[in-house]
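Worksheet: the structure to be examined is printed underneath.
The values are calculated or read from the model by the stated rules, or taken from the named source; none is laboratory data. This one's a predicted model, so the numbers in the text were calculated from it and none came from an experiment. We place every Cβ from the backbone using ideal geometry, glycine too, and count neighbours over all the protein chains shown. Calculation scope for accessible area: heavy atoms of the full protein, side chains included, ligands and nucleic acids excluded. Shrake-Rupley method; radii C 1.70, N 1.55, O 1.52, S 1.80 Å.
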Amino acid sequence: MARKKKEAGLWLMYEVGLQIEGQFASSLPRTTEEIRGMLEHRMPTRKPEDAVPIDQLADQVALQVGATSKDDEDEDYLPGWATFKRDESGLYYEGRQIRGHIKDCALQIAPIKQARIKNFRSKIANKVYVMDDIIPLWKDILNNERYTETDGAEERFVQVMTRQGPRSAIKYIDYINDPYMSFRIKVLNDGIITIDDVETIFEYGSVHGIGQERSQGWGRYSVHHITDMTE
């Protein structure tokens, strides 16, 4: 009896490797006060019954970024300072940030794709998912060397609008140079979003940049590989 051919699964899996070229920065605040403010701003008006208390969330993020507080009498305390999350092995980027990058790029190339795919960005949002929550930032992937500290901090003078009118402010951005990252994405296997679409997104993203300070040319990358990992 002839064996029935195995049907294709619901998802296609790809591994994406990106080599950042030059400075790269994340955007998480480095002070406990600003972390709490960020979380309060993002908190929905109607919280679910099992929502984690804001203080607990703030403490968790503060630990992940090595935050300082104005109440700690810490000489490193500086408001307006953006940095990376870190774990026991080193610095990392987050899957949610990659997903935001993908959707951002999809919005920009939607006019190119609209002849074949209507509502391209919404299709990407509902059919392409990043499968890694924590994405290590590698200094030397061949020697298994991960970034454990930043390479420096850039000082920038910015104009901010307040209720009292425009004001000058200083911000600081931690950065690393030329990190490598890789992550897995799943694409719904319904024939709508193809590998060509995925490649176009990252081709655009390589110039658009990823992370903070893209307007300064930070976060541009080359696509090291997009490898089919579907079983």
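Brief remarks follow.
- Yes/no for Glu149 being among the charged types (D, E, K, R), in a loop (DSSP other than H, G, I, E, B) and open to solvent by 30 Å² or more (accessible area, probe 1.4 Å): yes
- Hits in segment 189-217 - residues which are farther than 14 Å from Ile112 by Cβ, more than 17 Å from the chain's Cα centre (by Cα) and of a type in the set (D, E, K, R): Asp190
- Taking the criterion of being in a helix (DSSP H, G or I) and of a type in the set (A, V, I, L, M), the residues of segment 81-104 that qualify are Ile98, Ile102.
- Some residue of segment 105-115 being under 23 Å from Asp190 (Cα atoms), assigned to a loop (DSSP other than H, G, I, E, B) and at pLDDT below 95: yes
- Residues that are open to solvent by less than 90 Å² (accessible area, probe 1.4 Å), of a type in the set (D, E, K, R) and farther than 21 Å from Asp190 by Cβ, drawn from segment 116-146: Asp132, Asp140, Glu145, Arg146
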